[in-house]
1. Can you give the extra length, in nm with one decimal, that the chain gains between residue 226 and residue 410 once fully stretched, where that is 0.36 nm per residue apart less the Cα-Cα distance?
2. Which of the peptides 535-542, 39-46 is most tightly packed, and how do the rest follow, judged by the mean count of other Cβ atoms within 10 Å per residue?
3. According to a simple spin-label model (label point 7 Å from Cα along Cα-to-Cβ), what is the distance in nm between residue 260 and residue 580?
4. Over segment 325-682, calculate the relative contact order: mean separation of alpha carbon pairs under 8 Å at least 6 apart, over the residue count, as a percent.
5. Starting from the Cα gyration tensor of the chain, take the square roots of the eigenvalues, sort them a ≥ b ≥ c, and report rounded, prolate or oblate (rounded when a/c is under 1.5, otherwise prolate if a/b is larger than b/c, else oblate).
6. Does segment 354-467 come out rounded, prolate or oblate, given a ≥ b ≥ c as the square roots of the eigenvalues of its C-alpha gyration tensor, rounded meaning a/c under 1.5 and, failing that, prolate meaning a/b above b/c?
7. So if we plug the beta-carbon distance of residue 243 and residue 535 into 1/(1 + (r/R0)^6) with R0 = 51 Å, what FRET efficiency do we get, rounded to 0.05?
8. Mind pulling the angle between the C-alpha long axis of helix 272-287 and the longest principal axis of the chain? Nearest 10 degrees, somewhere in 0 to 90.
């Protein structure tokens, strides 16, 4: 299988990444976005009298043209160096949790994207400064020990306009694009800046000087003496100054520590040892996890995508504001994703989840009415689908996505967002921040009231749409699938999610010394309603409990993850008070996992719905966790291998992709997506040491 898939390489919280990995697609720096700019990235080396070897990361053929011969000051024509593009099949690649490595012969390139535990702002300023520095490291190594001639290595990119030495008095060497991004190295023996129209000629040819300021391509080169191994450490950094959002004014948190790009680059290089150690710890952790190689890859690929979408901001009054942007769609803190990214954040920085929940309560909650059989009734506490898009915060109480008078994509998701808020709040609060949860007790009770108001007939399942839909109907997070998962009302997936919300509310309220009996009672009714819909002949519960779709769906089991993680063993035990319900879901799952039902006949990968080939890897990973941890179903290596092919082949040109066609993994949407980190549940530790949401 080729290793030429696109990946992000991003620092935590900077909403910026260095994109690289797909043959012939280039890459480069993406700022406040996750799409590759498709710039040519020049990674090249030469040993002995061999041709220059260029790794296949150019976005266009290497054009020597009129630059093949140029007249120097003495009027002499000098030949350009011989160049060979490295065939992709000769390039060895290893993506790990915090590193991405390419090898070719004596040359090695490593990109480091270290991450780890992050305490809340105000706890440890030195640690926070290390965490938010908007740079990653690149390490280039060239083994020249077998040669009696000097060798050279180059890392460069198009789109530059200034050498860093100009602004730093030579304290940094490298190249920048304005004040927004740069490649930097500390001065050292053999380290030189390169800027030219033709960086290959300027680096490996006979022409001088190395820096020609009219050139739009540049970087850093290293001359490696004969008989030695050379190593070049670079900082690949970005900087976005001032207010970067509208609707709600915020700036990047890192601007509290770094006044300009050069300061961040210098800090990253001076602390390279810290970042190298942190990356090594993460890689070692994944290596020792016991996961298969396929699952290790899927987890590493997901982590790189998540980091690229993260954004730690600061308000004018100094309060931090955490954002995870929704991949290519760029929506701010989509609540559908928050509830799934919760598992990752509980592991490394739980306080960020609390921060998002606080902003939903402060600005993106509202009270609505519901409609049922042409009548309107009081609704209750509700939440928007998202907080805005593309660094533009939506007005209070509105989202960028939801629109009235629709019953498909872009309609309202009010009921599902309410369950998402309940599940996220109870899981976060109970596992990571009990003091925060105590403060939320009145809000939890309001959430329970609102859930009950949307179940007009009292059977535990949603049957009333928010009046905000006007003449439309509510949908679920599976907005681009067919009715088996897209429709909210009487949806099996959402019904089980409602049951889980009642179970978690009962536990949270009881833990806080409040009355959880209403939640417990309605959880029982929901379980009975869902169980009674089981079709004995088919061996599963139809996707829509009220009719309209006979599809079999895997996400019927998804929401069991939350009570399971809360340690509510009785709730998910087949011998417990919901035993009949849980046993029915087991039977449903085993039917779904049969070939021709929810196993794709071509690829062998999981289909979320038997009637749709649009399948979502983030939800597959979550359901795999439930199947294996709750029901004890053995993992299927063939399915994992199919899911890897979907990423490395089907969606290789787009980076980590959530929505793919189940036959071959070709992208269908949700490209460059953060939610894939649901697969962190494959690892044993779920939650970090308890941390408060506020310093």
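Just so you know, all these numbers are worked out from the coordinates, no wet-lab data involved. Keep in mind it's a predicted model, so treat the numbers as computed, not measured. Note that each Cβ is placed from the backbone with ideal geometry, even for glycine, and that neighbours are counted across all protein chains shown.
1. On the way: separation 184, 0.36 × 184 = 66.24 nm, distance 6.25 nm.
Full extension of this stretch gives 60.0 nm more.
2. Details: 535-542: 15.9, 39-46: 25.0.
Averaged packing, sorted descending, gives the order 39-46, 535-542.
3. So the label points at residue 580 and residue 260 sit 7.3 nm apart.
4. On the way: 746 pairs, mean separation 52.0, N = 358.
RCO, segment 325-682: 15 percent.
5. On the way: a/c = 2.35, a/b = 1.89, b/c = 1.24.
Here the chain falls in the prolate category.
6. Numbers: a/c = 2.18, a/b = 1.18, b/c = 1.84.
It comes out oblate by the Cα gyration axes.
7. 0.35
8. Helix 272-287 sits roughly 50 degrees off the main axis of the chain.
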